[in-house]
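Note sheet for the following structure.
The values are calculated or read from the model by the stated rules, or taken from the named source; none is laboratory data. Every value quoted in this text rests on a predicted model; they were computed, and no experiment measured them. Please note: Cβ atoms are built from the backbone with ideal geometry, for glycine as well, and neighbour counts cover all protein chains shown.
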Amino acid sequence: DQQVKQNSPSLSVQEGRISILNCDYTNSMFDYFLWYKKYPAEGPTFLISISSIKDKNEDGRFTVFLNKSAKHLSLHIVPSQPGDSAVYFCAASASDDKIIFGKGTRLHILP
Amino acid sequence: NAGVTQTPKFRVLKTGQSMTLLCAQDMNHEYMYWYRQDPGMGLRLIHYSVGEGTTAKGEVPDGYNVSRLKKQNFLLGLESAAPSQTSVYFCASSYNAYSPLHFGNGTRLTVT
């Protein structure tokens, strides 16, 4: 049973426009959420996180929104740049220390 | 700082052979994790550790064992490799449960 779901395997966005990546979760005990970016042949790198006491966190071009009632979070990238082409993973954790990842969304930034 | 270092980077095993993957971190992190990445499956947690001498099962622990004898090292063992264990294995570490994970660059394992 998948606790963290990224239902879009891939997404294509024009350079300069907004990229929106979505993530849903089923475990109401999750209280910390993270987004990671992964290039081929490298380990994932941390992008941004949000705790369940907030509904928005912003860091430069990256903003994460959390809707606890819908068990949904999204990552907004504005403006999208060619270097943003990568696989993006959503992850979540609860007090039992496990950090669970989604299957990832491959983002293609088109010139 | 090297961060998180995984050894080896590549390995080919025959079915039934055993091996140990080594993860070392130099950030004095308490928490360490082993994940596997398979096409279409994302990152799945195998085992994790919240401190020296502790280990716990993740989502897909069967066929693997781990040890955390020293704080900086987390070992992943395959006692009898199977083709289903062909994957890319990532180790990660973090300061605590609410801080970001730092990942190594992965070990690509093929079991024939």
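Please work out if A:I99 is β-branched (V, I, T), touching a strand residue (DSSP E or B) at 6+ places or on another chain (Cβ under 6 Å) and at the interface with another protein chain (Cβ under 9 Å from one of its Cβ atoms).
yes
B:N28 falls short on exactly one of the conditions (1) of a type in the set (S, T, N, Q); (2) on the phi < 0 side of the Ramachandran plot; (3) surrounded by fewer than 17 Cβ atoms within 10 Å (Cβ to Cβ), and that condition is (2). Only one entry of A:F46, A:F33 meets the criterion of being closer than 22 Å to B:V60 by Cα and within 13 Å of chain B (Cβ to nearest Cβ), and that entry is A:F33. Among the residues that make up the stretch A:5-22, is at least one of them away from chain B (no Cβ under 11 Å), surrounded by fewer than 17 Cβ atoms within 10 Å (Cβ to Cβ) and in contact with a Pro (Cβ under 6 Å, 6 or more places away or on another chain)? Within the stretch A:5-22 (the criterion being away from chain B (no Cβ under 11 Å), surrounded by fewer than 17 Cβ atoms within 10 Å (Cβ to Cβ) and in contact with a Pro (Cβ under 6 Å, 6 or more places away or on another chain)), the answer is yes, since at least one residue qualifies. A:E58 falls short of the stated requirement of being in contact (Cβ under 8 Å) with a residue 40 or more places away in the chain and farther than 30 Å from B:T55 by Cβ. Just one of the listed residues (B:T15, B:T110, B:T86) is in contact with a Pro (Cβ under 7 Å, 6 or more places away or on another chain) and more than 14 Å from chain A (Cβ to nearest Cβ), namely B:T15. Residues that are closer than 12 Å to B:F74 by Cα and more than 9 Å from every other protein chain (Cβ to nearest Cβ) were ranked within the stretch B:30-45; the one that is farthest from the chain's Cα centre (by Cα) is B:E30. Test A:S52 against the criterion of being within 10 Å of another protein chain (Cβ to nearest Cβ), touching an Asp or Glu at 6+ places or on another chain (Cβ under 8 Å) and hydroxyl-bearing (S, T, Y), and give yes or no. No; evaluated as a whole, the condition is false for this residue.
Residues in the stretch A:23-46 that are surrounded by 22 or more Cβ atoms within 10 Å (Cβ to Cβ) and aliphatic (A, V, I, L, M): A:L34 alone. Scanning the stretch A:36-77 for residues that are farther than 28 Å from B:V4 by Cβ and either of a type in the set (S, T, Y) or part of a strand (DSSP E or B) (or both) gives A:K56, A:F65, A:N67, A:S69, A:H72, A:S74, A:H76. Only one entry in B:A92, B:A97 is touching a Phe, Trp or Tyr at 6+ places or on another chain (Cβ under 7 Å), at pLDDT 95 or above and surrounded by 16 or more Cβ atoms within 10 Å (Cβ to Cβ), namely B:A92.
Does B:A81 satisfy the criteria of being in a loop (DSSP other than H, G, I, E, B), in contact (Cβ under 8 Å) with a residue 40 or more places away in the chain, surrounded by 21 or more Cβ atoms within 10 Å (Cβ to Cβ) and of a type in the set (A, V, I, L, M)? Yes, satisfied. Would you point out the residue of the stretch A:59-95, among those that are loosely packed, with under 12 Cβ neighbours inside 10 Å and over 16 Å from A:Y39 (Cβ atoms), that is modelled with the lowest pLDDT? Filtering the stretch A:59-95 for residues that are loosely packed, with under 12 Cβ neighbours inside 10 Å and over 16 Å from A:Y39 (Cβ atoms), the one modelled with the lowest pLDDT comes out as A:S95.
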